Amino acid sequence: MTREQEETAKDTAPREQGVVRSLKDKFGFVSSVDAERDDLFFHYSEVRGDVDSLRLGTELEFGVLEGPRPGDKVAGPLPSVLGGATARIPNNGC
C-alpha cells in the first residue's frame with residue numbers, strides 16, 4: 001500500500017467516540033464509548049494537532065484502523081476533540 005493509500009484509509013476509517021484512557025511516552029490508549037472492545041492503542045504520530053493538549057479523560061473522535069497483526073485494531077488518526085470536554089473515568093491501573 002502506498003503512503004497516499006494509507007492516508008486515504010485513515011481518513012475513511014470507521015469513526016468512534018471515546019476518551020483518552022492512558023498517556024505514556026510517545027503513545028497512549030483510548031476507550032471507546034461506541035463499541036464494547038478493549039482500549040485501543042495510538043501513537044503520538046497519529047495525533048493531528050497539539051499532542052500536549054491531550055489529557056486523561058479528554059473526549060474525542062477517532063478512526064479505528066487495522067493494527068500491525070491480523071485482527072488487531074488501533075486508533076488513529078486522532079484527535080477530533082469533542083467540545084474540549086473532559087470525562088471522569090475510573091482508574092483500572094492503565
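Things worth noting here:
- Virtual paramagnetic centre 7 Å along Cα→Cβ of THR12, amide N under 15 Å, in segment 34-77: 64-66
- Residue-span extension gain [ARG69 to ARG3] - 0.36 nm each, minus C-alpha spacing: 21.9 nm
The numbers here are math on the coordinates, done by the rules we state, and not lab data. Here the structure is a predicted model, which means the values were calculated and not measured. Note that each Cβ is placed from the backbone with ideal geometry, even for glycine, and that neighbours are counted across all protein chains shown.
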